[in-house]
Amino acid sequence: MKGLKGLIVGVANEHSIAWGCAKVLQVGGAELAITYQNEKAKHYVQPLAELVASPIFMPLDVTCAEDFEQLFATIKSTWGRLDFVIHSIAYAPKADLHGRVTDSSRDGFMMAMDVSCHSLIRLAKAAEPLMSQGGAILTMSYYGAEKVVKNYNLMGPVKAALEASVRSLAMELGSKHIRVNAISPGPINTRAASGLEDFDKLMLKAANEAPLNQLVTINAIGETAAFLISAQAKFITGQTIYVDAGYNIQG
């Protein structure tokens, strides 16, 4: 990781998967740009950005084109390049997330797709010119993209679209040596996951039924991210890598 420069989107607090990635990458020698969603979130994220000595700490509401422009202009003027991007955000309105997919509203579905999926595409487009020597783009998925998971509801189709987008981006950006992959962690008690109904039961089920009989940690996800960003993974692209103690292999 030494000397690499990367953008991490999705740090909300010390329990975030994105924070697990940031810690591992910074220890490995990477220099990090950290974003926060809004002023309310800044209070929680700023101390973490300071812990990893982030030289770029800026707001990014992924629905705001101006935030995108200012962030990438700053990255270009500060570093002149970008080696990796980690996209670790997802959102669906509570009413749509807690109801049946059948009953989801058009606006709620579109918002979930925009924030959770198309924002990756927008990040890839903005990062592409800064990855002239190649790079790596990572996003976070979940088993509910492949199988129906109780109470995952609307996020299932959204994450399926995210994984399909990873494959398309990998194909389109491969000629520029930009690799695009998804990590699919097992359930982790993050702020975003707490919005799912009965999430504690989902974690208990995963811990009891996964072959390794344990839950994964944000550090374990960070270690996988570091590998996928590194030159050791230079032939891995367009993949969804499960890091879930083997839970996904069950019939």
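Read the figures in this text as sums done on the coordinates, not as results from a lab. Not measured: the values here are computed from a predicted model. Please note: Cβ atoms are built from the backbone with ideal geometry, for glycine as well, and neighbour counts cover all protein chains shown.
Numbers for the structure displayed
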{"quantity": "Region 220-245 residues that are more than 14 Å from Ala170 (Cα to Cα), paired with ones that are assigned to a helix (DSSP H, G or I) and acidic (Asp, Glu) (beta carbon under 9 Å, 6 or more apart)", "calculated": "Val243/Glu223"}
{"quantity": "Residue count, region 50-74 (criterion: in contact with a Leu (Cβ under 6 Å, 6 or more places away or on another chain) and of a type in the set (A, V, I, L, M, F, W, C))", "calculated": "4"}
{"quantity": "Scope region 1-17; condition within 14 Å of the chain's Cα centre (by Cα) and closer than 18 Å to Leu71 by Cα; matching residues", "calculated": "Gly6, Leu7, Ile8, Val9, Gly10, Val11, Ala12"}
{"quantity": "Subset of region 225-237 [closer than 21 Å to Gly20 by Cα and in contact with a helix residue (DSSP H, G or I) (Cβ under 9 Å, 6 or more places away or on another chain)]", "calculated": "Ala225, Ala226, Phe227, Ile229, Ala233"}
